[in-house]
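The values are calculated or read from the model by the stated rules, or taken from the named source; none is laboratory data. For clarity, every value in this text was computed on a predicted model and none was experimentally measured. Reconstructed Cβ throughout: ideal geometry from the backbone, glycine too, with neighbour counts over all protein chains shown. With ligands, DNA and RNA removed, areas are computed over all heavy atoms of the protein, side chains included. Shrake-Rupley method; radii C 1.70, N 1.55, O 1.52, S 1.80 Å.
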Amino acid sequence: MSPVLFAICMDVLLLRLRACGYGCKLLNEFFGCLLYADDIVLRAHNVSSMRAMLQVCDIFAIEYDGKFNTVKSVAMRIGPRFNVTCAPLMLDGMFLKYVETVKYIGAVVNAAKSFQCYMEHIRMIFYRVLTPYMLKLVVPWSKF
């Protein structure tokens, strides 16, 4: 599928998810679905809202003859009851696995009582790439 056609389809999905009334909102703006390339993150305040959003995704996939990768799709809980077992979530007829850690666009998010996002590994990669160039600038005579 071409990137333009994919973006148009994803816009339809975003509009449907916003219209269903579920998902996280901030200052009355919908933040229940985050997209980057072909990665989708759904965010909801509770499991029943997430279940409703996943049903919107299922209907969308049927109508647009698409398929979500249920092997890579996972669920995570953040909040005071993050470690309490809850009802399973389904996408495309498959149960989603609950995980403790998710890596999304380089950031690592952990299941916890409050939102925790770690990017230490990105900083380490940055310094690892930058250090040889800095050494050439600081010590230009190192060839001797």
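Residues in segment 40-65 that are over 18 Å from the mean Cα position of the chain (by Cα) and either in a helix (DSSP H, G or I) or over 15 Å from residue 14 (Cα atoms) (or both): how many? Talk me through it step by step, then tell me what you get.
Narrowing segment 40-65 to residues over 18 Å from the mean Cα position of the chain (by Cα): 48, 59-65.
Filter again for either in a helix (DSSP H, G or I) or over 15 Å from residue 14 (Cα atoms) (or both), leaving 48, 59-63, 65.
Number of matching residues: 7.
Scanning segment 72-87 finds no residues that are under 17 Å from residue 12 (Cβ atoms) and either surrounded by 13 or more Cβ atoms within 10 Å (Cβ to Cβ) or modelled with pLDDT under 90 (or both). Scanning segment 10-34 for residues that are open to solvent by 90 Å² or more (accessible area, probe 1.4 Å) and of a type in the set (A, V, I, L, M) yields 26, 27. Residue 37 - would you say it is loosely packed, with under 11 Cβ neighbours inside 10 Å and within 15 Å of the chain's Cα centre (by Cα)? Considered against the rule, which asks whether it is loosely packed, with under 11 Cβ neighbours inside 10 Å and within 15 Å of the chain's Cα centre (by Cα), residue 37 comes out as yes.
With respect to residue 7, is the statement that it is free of Cβ contacts under 8 Å to residues at least 12 places away in the same chain, assigned to a helix (DSSP H, G or I) and open to solvent by less than 60 Å² (accessible area, probe 1.4 Å) true? Write out each step before concluding.
Details: free of Cβ contacts under 8 Å to residues at least 12 places away in the same chain: yes; assigned to a helix (DSSP H, G or I): yes; open to solvent by less than 60 Å² (accessible area, probe 1.4 Å): yes.
The answer is yes for residue 7.
Do we find a residue being in contact with a helix residue (DSSP H, G or I) (Cβ under 7 Å, 6 or more places away or on another chain) and without any contact (Cβ under 8 Å) to a residue 40 or more places away in the chain anywhere in segment 69-83?
So in segment 69-83, the residues in contact with a helix residue (DSSP H, G or I) (Cβ under 7 Å, 6 or more places away or on another chain) come out as none.
Scanning segment 69-83, I find no residue that is in contact with a helix residue (DSSP H, G or I) (Cβ under 7 Å, 6 or more places away or on another chain) and without any contact (Cβ under 8 Å) to a residue 40 or more places away in the chain, so the answer is no.
Only one of the numbered conditions (1) at pLDDT below 70; (2) surrounded by 11 or more Cβ atoms within 10 Å (Cβ to Cβ) is not met by residue 100, and that is (1).
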